[in-house]
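Following: one structure in structure tokens, then a few remarks.
The values are calculated or read from the model by the stated rules, or taken from the named source; none is laboratory data. All of these numbers come straight from a predicted model, not from anything done at the bench. No Cβ is skipped: glycine too gets one built from the backbone with ideal geometry, and neighbour counts run over all protein chains shown.
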Amino acid sequence: MAKAILLIIEDDPDIQELLSFAMSNEGWKLLQAKTGEEGLDFLKKGPVNCILLDIMLPGMDGLKVLKKIKEIEQCRNIPVIMTSAKGEEADIITGLELGADDYVVKPYSPKVLIARIRAGLRRQEENGGREAVTVWQQGPLKLDAARHEVFCYGRPLDLFAIEFSLLRHFISHPDIVFSRNQIIAAVRGPDYPVTDRSVDVQILGLRKKLGRAGDMIETIRSVGYRFRPME
């Protein structure tokens, strides 16, 4: 990808300065907006490759801005990372349901945020920034969502529907750590009744069917799970 363009929609000048300093060595071009309206004006002028969007903005809040971003045809596949001091589960689920690719709770580590941005840029580059991705290849794993097929080391796998949905969620969001609640909300919906133990059992079953490739689904102690592609 050529020099990536990041749009930061954040009204706190101290955070704007912190992000500018932290990202100074990444080679990215930064566009900074203090309001949602200003951020939308940037998007009308030209394309960007990733958006950092705060929820608590003056005037139009971040969730409303996100909805408007996803209504713009050329912006639907731009990765959006929500940033907010609001870390309640309901806020995270709302952002993800509206189309956010990731959600980072303040105060966050700039290094972690940069890693999330890199992951979003990588997914967009694989996507070409145009059409929705339906096929993912990570190491020995290949998932074709349109044909509902999964291959591991060239061998077709027979997965239950929930296992297929779990793998699709993981393989399409590499390197991102998800809580159990985030995982089940993504594959079943926020109101689906399930316990943490049920999520663990389903992921355990998926890992067994993946064999050696199951190690790519990592357990993050006290947090949840992450899909880590093979080097």
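Considering each residue of region 37-47, count those that are modelled with pLDDT of 90 or more and either among the basic types (Lys, Arg) or touching an Asp or Glu at 6+ places or on another chain (Cβ under 7 Å) (or both), and give that number.
The number of residues fulfilling the criteria is 0.
Being among the small types (Gly, Ala, Ser) and touching a strand residue (DSSP E or B) at 6+ places or on another chain (Cβ under 8 Å) is the filter here; which residues of region 71-111 pass it?
Scanning region 71-111 gives Ser84, Ala85, Gly87, Gly95, Gly99, Ala100.
Would you confirm whether or not region 211-229 contains a residue that is modelled with pLDDT under 90, loosely packed, with under 11 Cβ neighbours inside 10 Å and out of contact with any Cys (no Cβ under 6 Å at 6 or more places or on another chain)?
The answer is yes, given that some residue of region 211-229 is modelled with pLDDT under 90, loosely packed, with under 11 Cβ neighbours inside 10 Å and out of contact with any Cys (no Cβ under 6 Å at 6 or more places or on another chain).
Do any residues in region 75-86 that are touching a residue at least 24 places away in the same chain (Cβ under 8 Å) and assigned by TED's automatic domain parsing to the domain that holds Leu63 have Cβ atoms under 6 Å from those of residues that are among the charged types (D, E, K, R) and in a loop (DSSP other than H, G, I, E, B), where the two are at least six apart or on different chains, and which pairs are they?
Between residues of region 75-86 that are touching a residue at least 24 places away in the same chain (Cβ under 8 Å) and assigned by TED's automatic domain parsing to the domain that holds Leu63 and residues that are among the charged types (D, E, K, R) and in a loop (DSSP other than H, G, I, E, B), the close pairs are Pro79/Asp101; Val80/Asp101; Ala85/Lys106.
Pick from region 135-175 the residues that are closer than 16 Å to Gly224 by Cα and at pLDDT 90 or above: which of them is surrounded by the fewest Cβ atoms within 10 Å (Cβ to Cβ)?
The extreme case among them is His169.
Residues in region 79-99 that are closer than 19 Å to Arg122 by Cα and modelled with pLDDT of 80 or more: how many?
Matching residues across region 79-99 total 4.
Scan region 47-69 for residues that are touching a strand residue (DSSP E or B) at 6+ places or on another chain (Cβ under 8 Å) and not hydrophobic (A, V, I, L, M, F, W, C) and jot them down.
Pro47, Asn49, Asp54, Gly62
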